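The values are calculated or read from the model by the stated rules, or taken from the named source; none is laboratory data. Small disclaimer: the values here were computed from a predicted structure and weren't measured. Here the Cβ positions follow ideal geometry from the backbone for every residue, glycine too, while neighbour counts run over all protein chains shown. Protein only, heavy atoms only, side chains kept; ligands, DNA and RNA dropped before computing areas. Shrake-Rupley method; radii C 1.70, N 1.55, O 1.52, S 1.80 Å.
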Amino acid sequence: MRIFREKDYDAMSRRAASVIAGEVVHNPSCLLGLATGSTPEGAYKYLVDWYKQGLISFKDVLSVNLDEYVGLAPTHDQSYRYFMQSNLFDHVDIVPEHTRVPDGLTKDAKAFCSEYDAYIRSKGYVDMQLLGIGRNGHIGFNEPDDHFVKETHVVDLAESTIDANARFFATRDDVPKQAISMGIGAIMGAKKVLLCASGEDKADAIYNSVCGPITPKCPGSILQLHKNVVLVADEAALSKLIAAGVEV
Ligand code: PGA
């Protein structure tokens, strides 16, 4: 695992954006695996900026997103489709039909999930998968569990995830209780993984993912088995690794 140690959120965002931009420049028709949440927001801002400066184009890029809340329409301002439109897609030249975000309103989740996986497989898997990490170590919405789930699936969100995401909703009760998430199979099938983290509240999750036992209790720990992971994190998120004497 290659680790980029960055000073703060902005430096982390700039570095993450550079890694993504590098992929797009080298492989203009790549399949990007994209993520939502506070972590990638800054990186998306850089990518939009660089697109506006004519430095990068997404015109042949394909994308698949990691997850979506069950029950939220694409127009809901907390849906992940809405997040992707407003943070990236609406501001760059990506072709709308080339972007996929799980459908939170699907009537047939099982069929939807297997079609999502079939699409990813048909493209030879994702070229670069961007990941944030939950405080509990989740990647996508693969929550701590007693086993890893390989396929795209409907997941019951952990109470800690509902707590963490309540800040985006009027009340905690408004946070959806389920999501559709890409499984560990599609994530581990990605040719490259770009894991990003910022802030002290991610320090345990990062430490456990990098140094802890490989266990579904900390889903991020599976990344130790992936051959091509780049971790871009700020010093606060790396603080437990640094304190343990890991060279970063
Ligand atoms: P965050 O979420 O980027 O909003 O911290 C990351 C995650 O839960 O995967």
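Which residue is most open to solvent (accessible area, probe 1.4 Å), if the candidates are limited to the range 97-139 and must be β-branched (Val, Ile, Thr) and touching a Phe, Trp or Tyr at 6+ places or on another chain (Cβ under 8 Å)?
It comes out as Thr106.
Residue check: is Ile184 away from the ligand (no atom under 12 Å from the Cβ), more than 25 Å from Glu6 (Cα to Cα), among the β-branched types (Val, Ile, Thr) and free of Cβ contacts under 8 Å to residues at least 12 places away in the same chain?
no
If a residue must be open to solvent by less than 20 Å² (accessible area, probe 1.4 Å) and closer than 27 Å to Val19 by Cβ, how many such residues does the range 144-163 contain?
The qualifying residues number 2.
Would you pick out the residues in the range 185-208 that are under 14 Å from the mean Cα position of the chain (by Cα) and of a type in the set (Val, Ile, Thr)?
Across the range 185-208, the qualifying residues are Ile187, Val193.
Search the range 89-117 for residues that are in contact (Cβ under 8 Å) with a residue 60 or more places away in the chain and pair each with any residue that is among the basic types (Lys, Arg) when their beta-carbon atoms are under 9 Å apart and the residues are at least 6 apart or on different chains.
Listed by first residue and then by second, the contacts come to Pro102/Arg81; Asp103/Arg81; Gly104/Arg81; Tyr116/Arg100; Asp117/Lys150.
Would you confirm whether or not the range 165-177 contains a residue that is touching a residue at least 40 places away in the same chain (Cβ under 8 Å), under 17 Å from Gly33 (Cβ atoms) and either within 13 Å of the ligand (Cβ to nearest atom) or not in a strand (DSSP E or B) (or both)?
For the range 165-177, residues touching a residue at least 40 places away in the same chain (Cβ under 8 Å), under 17 Å from Gly33 (Cβ atoms) and either within 13 Å of the ligand (Cβ to nearest atom) or not in a strand (DSSP E or B) (or both): absent.
Can you report the number of residues in the range 187-227 which are assigned to a strand (DSSP E or B) and surrounded by 18 or more Cβ atoms within 10 Å (Cβ to Cβ)?
So the answer is 7.
What is the number of the single condition among (1) open to solvent by less than 50 Å² (accessible area, probe 1.4 Å); (2) in contact with a Pro (Cβ under 8 Å, 6 or more places away or on another chain); (3) within 21 Å of Pro176 (Cα to Cα) that Phe89 does not meet?
Among (1) open to solvent by less than 50 Å² (accessible area, probe 1.4 Å); (2) in contact with a Pro (Cβ under 8 Å, 6 or more places away or on another chain); (3) within 21 Å of Pro176 (Cα to Cα), Phe89 violates only (3).
Can you report the number of residues in the range 39-57 which are open to solvent by 30 Å² or more (accessible area, probe 1.4 Å) and in contact (Cβ under 8 Å) with a residue 24 or more places away in the chain?
8
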